[in-house]
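Structure record follows, encoded as structure tokens.
Please treat every number below as a calculation from the coordinates, not as lab data. All values reported here derive from a predicted model rather than from experimental measurement. Ideal geometry is used to build each Cβ from the backbone, glycine not excepted, and the neighbour counts take in all protein chains shown.
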Amino acid sequence: MAAVAVAGVSAHRLDEYLQAARLGIDPGAVRIELDLTPGITVAGAIIADIDRNRDGSLSADEQRAYGALVVSALMLEVDGTPVRAQLGDASFPVPEVMRRGEGTIRIQSAATLPGLSVGSHQLLFRNNHHPDRSVYLANALVPDGDEVAVTAQRRDGDQTELTIDYVLRAASGTSTTAWLLGGIAAAMVLSVLRIRRSRSAG
């Protein structure tokens, strides 16, 4: 899925923790794809944050715990109402790859949105994870269907914060109408068959 507009850099410095967020808005939910890439000089500290028992490997429990920590630092609001993201899938490179500055942690999360009326809405996203050592990117993804249209994106200076203006449209009634017409036609055919059978029996 492509971003509505890509704002960012092609590379990051060795002493930075690059955090790139992509947000996809559906009528009832927002999905967050977060890529975290530590530079060589900060990789050891990030690995230490994940590897709590210091055994040199990243267990599934340690990965889930770190993923939950990252997601807990994400702030979301829709039309001024806070919503909470929940951790989904997460994948982690092995520590050796991260120490070379080549490994990217990928974390997916999602939040359920309150029931929204058709019309204009605003989503606010803020990433508060590791502000002391990070650089940030944030973009909206192109919506999957026609029910959501992103109309504008605004970022603060360091891209820790992204505001997305979007429009929620009414769901298309084409499939529902076709289903109803099909059901009516089927009922009429069954009715005709019953009448013919009744006459034959008589």
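Local charge for Arg154 was computed over the other residues whose Cβ lies under 15 Å away, with Lys and Arg +1 and Asp and Glu -1, and equals -3. The residues neighbouring Met75, those whose beta-carbon lies less than 10 Å from its own, together hold a net charge of 0 under the Lys/Arg +1, Asp/Glu -1 convention. Tally Lys/Arg at +1 and Asp/Glu at -1 over every other residue whose Cβ is under 14 Å from the Cβ of Val30; what's the total? Its environment carries a net charge of -3.
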